[in-house]
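Written below as C-alpha cells is the structure these notes are about.
The values are calculated or read from the model by the stated rules, or taken from the named source; none is laboratory data. Predicted model, so just to flag it, every value in this text is computed and none were measured. Cβ atoms come from the backbone with ideal geometry, glycine included; neighbour counts cover every protein chain shown. Ligands, DNA and RNA are excluded from the accessible area calculation, which covers all protein heavy atoms including side chains. Shrake-Rupley method; radii C 1.70, N 1.55, O 1.52, S 1.80 Å.
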Amino acid sequence: MVLGVSCDKEQSATNKGYPILFKCPDVTRAEANLTDIQAGGFDVYAFYQTSVAPVLGFDKYVYYENSIWKYDDVEYWIPGATYWFKAIYPSGDYYTLDNTSSTQNIKIENFDITSQTDIMTAETDRNGLEVDWEIGAPQSGSEVKLNFSHLLANVVIKVKAEVNVTINDITLRRVKKIGTYNNGLWSYSSEGTIAKSINMPLTTADKEGVDVTDGGLLVIPGNAAGVVLDINTSHKNYKDIEIPQISWEKGKRYTYTLTIKQNDIIFKDSPEVAVWDETNATGSVIIK
C-alpha cells in the first residue's frame with residue numbers, strides 16, 4: 001500500500017514553500033484496508049534539519065473527511081531543509097516514537113497479539129529529502145511516497161476436504177502472546193492462544209482449498225517451534241497438530257494447506273511463504 005504526501009501546484013504566499021498534504025490511493029492490498037484507515041486515521045512524524053536549527057520536528061494525526069485527507073495546522077516545506085518522515089497505523093497511544101533524530105525509532109511495549117490488531121509503518125529514505133531552495137520542494141518532486149509494511153506476520157490456514165465437513169473452530173496454541181517491538185525487532189515475554197470460530201461448511205468440490213482464517217491470523221514474528229494447531233470439525237476434532245519449525249518473519253504470509261481425509265495426521269512439505277499480500281505458492285500439511 002502507498003500513501004503519498006503531495007503539494008499544491010502554486011507556492012504558498014507565506015514563501016515557506018509548498019504545503020505538505022497527504023493523500024491515499026483508492027486501492028490497498030494491506031490486511032487493514034482503505035476503509036479501516038479512513039475510519040481510524042494514522043499518525044505521521046517529520047524530523048527535519050536546517051542550517052539554523054539542526055533538530056526540528058512535528059507530528060500529525062491524519063484523518064479522512066469529505067473525501068480528503070486532512071490534518072490540523074498545515075505544515076510547509078522549508079527551502080534548504082532536509083526531511084525524514086515516518087508513519088504508523090493505527091493511530092493511538094500504544095507506541096512511542098523518538099522524533100529527536102532521523103532514525104525515528106518506534107517502540108511498542110506489551111503488545112497483546114490476541115487483539116488481532118494489524119500494525120503497519122512507513123518511512124521515507126533514511127538519507128532524507130532535501131528541499132530545493134529555488135523550487136521550494138524536494139528535487140524528486142513534491143510528492144512523498146510512503147510504502148507501508150506490516151510489523152506482524154500472517155498465518156493462513158487453508159483446508160481441502162475429501163469428505164463433506166464443517167469447520168467449527170481453529171486454535172493456535174503456544175504462540176508468542178505479549179511482545180515488544182524495538183529497533184526493528186520483536187521480542188516476547190509470554191505465550192498464549194489465538195482462537196477463531198468458523199462454522200464453515202466445506203465440500204469435496206473445494207479442490208483448491210478454502211481459507212478458514214478469513215485472511216489469516218496475525219502472529220508476533222519469531223520461531224514457530226512448539227506452536228500447535230487444533231481444528232474442530234463435524235467429522236473429527238484434530239488436536240496438537242505441530243507447526244513445522246520455521247521462523248515467522250514480519251511482513252510475510254505463511255499458508256498451511258490441510259487435507260481432511262479420515263484418521264491420521266501427516267505433515268508434508270513446508271508452508272507456503274510469500275510477501276504479505278502477494279500471490280501464494282504451494283506447500284501443505286495433510287490430515288488423513
Residues in the stretch 220-239 that are under 25 Å from the mean Cα position of the chain (by Cα), under 13 Å from residue 170 (Cβ atoms) and either among the aromatic types (Phe, Trp, Tyr) or part of a strand (DSSP E or B) (or both): how many? 2
Taking only the stretch 151-194 into account, find how many residues are under 26 Å from residue 97 (Cβ atoms) and either part of a strand (DSSP E or B) or open to solvent by 20 Å² or more (accessible area, probe 1.4 Å) (or both). 17
Pairs, please: C-beta under 8 Å, at least 6 apart or cross-chain, first residue free of Cβ contacts under 8 Å to residues at least 40 places away in the same chain and on the phi > 0 side of the Ramachandran plot and in the stretch 151-167, second among the charged types (D, E, K, R) and not in a strand (DSSP E or B)? none
Of the candidates 114, 100, the one satisfying the condition of being over 15 Å from residue 181 (Cα atoms) and part of a helix (DSSP H, G or I) is 114
Could you tell me whether residue 230 is modelled with pLDDT under 90 and more than 21 Å from residue 121 (Cα to Cα)? no
Looking only at residues in the stretch 196-208 that are open to solvent by 20 Å² or more (accessible area, probe 1.4 Å) and touching a residue at least 40 places away in the same chain (Cβ under 8 Å), which one is farthest from residue 164 (Cα to Cα)? 208
Six or more apart or on different chains, Cβ under 8 Å: which pairs go from a residue in the stretch 137-150 that's open to solvent by 20 Å² or more (accessible area, probe 1.4 Å) and of a type in the set (Ser, Thr, Tyr) to one that's assigned to a loop (DSSP other than H, G, I, E, B) and modelled with pLDDT under 75? Could you list them? 142/7
Could you figure out which of (1) at negative phi; (2) under 26 Å from the mean Cα position of the chain (by Cα) isn't true of residue 204? (2)
Residues of the stretch 57-74 being modelled with pLDDT under 90 and open to solvent by 30 Å² or more (accessible area, probe 1.4 Å), which ones? 63, 64, 65, 66, 67, 68, 70, 74
